[in-house]
1. Are there any pairs, at least 6 apart or on different chains, whose C-beta atoms fall under 6 Å, with the first in the stretch B:203-223 and among the polar types (S, T, N, Q) and the second within 16 Å of ligand 2 (Cβ to nearest atom) and assigned to a strand (DSSP E or B), and if so, which?
2. Quick test of your reading of the structure: B:PHE9 fulfils all but one of (1) away from ligand 1 (no atom under 12 Å from the Cβ); (2) within 14 Å of chain A (Cβ to nearest Cβ); (3) not in a helix (DSSP H, G or I). Name the failing condition by number.
3. Got a sec? Which of A:LEU81, A:LEU101, A:LEU85 is within 30 Å of A:PRO122 (Cβ to Cβ) and either aliphatic (A, V, I, L, M) or in contact with a helix residue (DSSP H, G or I) (Cβ under 8 Å, 6 or more places away or on another chain) (or both)?
4. Does B:PHE81 count as within 18 Å of the chain's Cα centre (by Cα) and of a type in the set (Phe, Trp, Tyr)?
5. Considering the stretch B:90-109 alone, what residues qualify as being outside any helix (DSSP H, G or I) and more than 9 Å from every other protein chain (Cβ to nearest Cβ)?
6. Any idea which of (1) within 14 Å of chain A (Cβ to nearest Cβ); (2) crowded, with 18+ Cβ neighbours inside 10 Å; (3) within 16 Å of ligand 2 (Cβ to nearest atom) is the one B:ALA78 doesn't satisfy?
7. A:THR126 versus (1) surrounded by fewer than 19 Cβ atoms within 10 Å (Cβ to Cβ); (2) touching a residue at least 12 places away in the same chain (Cβ under 8 Å): which is the lone unmet condition?
8. Say we look at the stretch A:148-181 and pick out the residues that are crowded, with 18+ Cβ neighbours inside 10 Å and not aliphatic (A, V, I, L, M); which of these is nearest to the other protein chains (Cβ to nearest Cβ)?
Amino acid sequence: MNQAVLTLSRQPDARRAPRYLGALRDTLWFLLAWALLIGAWELAVQSGWLDGRVLPPPSVTLPYAFSGEAVVGFGQQRSGLLEALLVTLLRVSGGLLAGSLVALLLAVITTEVKLLRRLILPLVQTLAPISPVAWVPFTIAVIGIGGQAAVFVVFLAVLGTMTLSLVAALDAIDPQYLNIARNLRCTRQQIWLRVRLPAIAPSAMTSLRMAFFGAWMAVLAGEMAGINSGLGYMIIMAQQMYNMPLVMVGVMTIGVVGFVVDRLMLLLGRRLTGWAS
Amino acid sequence: MSRGATLSFRGLSKQFEGGTRVEVGDLDIKAASFTVLLGRSGCGKSTLLNIAAGLQQPSTGHLLYDGQAVSGNQPDSALIFQQNNLFPWMSAVENIAIALLNRGLDREAATRRAEQLLADVGLAEFARHRPAALSGGMCQRIALARALALEPRLLLLDEPFSALDAQTRRLMQDQLLRAWNTSGATVLMVTHDLQEALLLADRIVLMASTPHGRIAQILEIDLPRPRQVRSAQLLDLQERLDAFLTHETRLAEHF
Ligand SMILES: Nc1ncnc2c1ncn2[C@@H]1O[C@H](COP(=O)(O)OP(=O)(O)O)[C@@H](O)[C@H]1O
Ligand SMILES: [Mg+2]
């Protein structure tokens with residue numbers, strides 16, 4: 001009898017522990033996977049299997065990345081790795097923020113006004129699947145070359161998919177919550193601010209993470225098209241100068257920063273929408 | 001003095017897009033009475049409740065509220081569903097406070113009143129908990145407390161205790177009866193539970209499912225409360241209800 005009670009009361013703790021252990025285990029596997037790849041790479045170059053001039057080994061690229069020599073251009077055009085990264089991150093954030101806000105606006109309008117839903121959604125559905133890269137020529141023609149062009153490409157890359165996911169999330173709200181809100185005499189504004197938006201927050205956060213992936217790819221496409229700053233520019237320049245360690249460093253930075261931002265967004269999302277998990 | 005509203009449905013029907021038609025016709029509900037709607041699932045009970053709450057508009061006919069035709073949002077009704085009455089992203093206290101915000105209280109006053117209401121139902125210590133951290137019974141108690149805080153003249157309950165275990169259900173039924181007595185509100189409740197219907201109702205309205213919504217029978221239960229489930233009268237009535245539902249099932253399932 002006593003034992004049964006004890007077992008029951010211990011269960012929550014027993015369930016809690018493995019979650020942290022699980023996270024730790026995942027991290028270890030993550031590090032191990034990379035250590036193995038880096039080690040294999042180094043070994044392959046040292047043993048002559050891979051050409052170190054085309055695919056520089058980690059023993060070259062890693063010190064190079066932190067040496068302060070990872071730089072392209074001269075004089076005013078000179079741009080270091082960190083600087084290029086910051087410029088690119090700013091462009092992504094700008095495009096992502098603008099794209100998401102306009103998407104939210106469109107989602108609200110199409111939810112409130114059925115006529116506008118019928119007119120706007122078909123257009124969005126057709127434009128959303130267009131790859132960000134395909135927008136580059138269009139953007140250059142309309143906006144020209146420059147930082148704004150990269151932001152605009154990101155904006156376009158985010159807008160369509162983000163609008164569609166927000167509309168879908170709004171449509172998926174359990175109508176009972178809306179009925180309850182009406183029964184509690186909530187105003188239209190209260191229904192938006194206190195019911196609809198909180199209800200879609202978890203899925204909107206997931207959509208935003210997806211959108212970030214799209215944006216992160218789009219911004220590089222935008223930057224490779226004739227802009228003279230940012231990570232995309234840096235990689236193109238490094239390739240033209242045949243600076244393979246710099247190409248490598250640029251590509252790795254894209255991967256690592258993309259991964260870190262995604263994790264941060266995941267954590268932030270869990271923070272903000274803890275009720276949903 | 002009676003706060004409860006009288007409710008009359010006249011020639012009421014609701015045509016749904018899928019082709020289903022719920023045809024209720026006429027039904028009168030006395031002020032401060034306790035009416036239970038009983039019928040097979042899908043016969044139109046929730047539709048009737050939603051129309052009474054002003055959440056759905058009838059296709060034909062209309063609703064008289066204290067003898068007056070109403071359209072649009074229904075004044076002075078409070079609605080409780082089987083579950084998910086509380087917004088999962090709000091704490092218990094916020095869930096109550098949001099209802100009070102629209103009754104002239106500012107945010108601070110609404111929060112204080114909500115805390116007091118929670119304390120009244122013995123859930124003060126759970127004020128900051130979200131619904132997911134509360135039991136189903138606690139959530140329904142909070143929903144009931146919130147509904148009563150609106151001082152409704154009409155309390156609409158759609159299978160409010162169906163998801164609860166038998167013991168919690170019994171306690172909730174007692175609480176509901178007390179709330180009905182003290183508030184003087186008219187209660188219209190849907191349930192699947194025959195015993196629950198017999199323990200609570202003044203009148204049991206039996207709704208047919210072929211055709212949907214038709215009022216098949218009305219039973220008046222003129223017995224004092226608290227009632228004993230095992231009393232001969234209730235057992236007799238329970239058999240009649242059971243016979244009705246069996247007949248309905250036979251029709252619907254082509255037995
Ligand atoms: N929004 C709707 N669209 C189409 N059909 C509906 C809708 N709501 C209810 N119905 C149909 O109307 C009938 C009555 O539904 P409902 O009132 O929910 O029944 P009950 O509450 O008695 O189980 C059912 O057959 C159901 O399928
Ligand atoms: Mg129902």
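The values are calculated or read from the model by the stated rules, or taken from the named source; none is laboratory data. Keep in mind it's a predicted model, so treat the numbers as computed, not measured. Cβ coordinates were reconstructed from backbone atoms using ideal geometry, including for glycine residues, and neighbour counts include every protein chain displayed.
1. That search, which allows pairs on different chains as well, returns B:GLN217/B:LEU206.
2. Result: B:PHE9 fails condition (2) only.
3. A:LEU101
4. Yes, satisfied.
5. Correct list: B:SER91, B:GLY104, B:LEU105, B:ASP106.
6. (3)
7. Of (1) surrounded by fewer than 19 Cβ atoms within 10 Å (Cβ to Cβ); (2) touching a residue at least 12 places away in the same chain (Cβ under 8 Å), only one is false for A:THR126: (2).
8. By that ranking, first place goes to A:TYR177.
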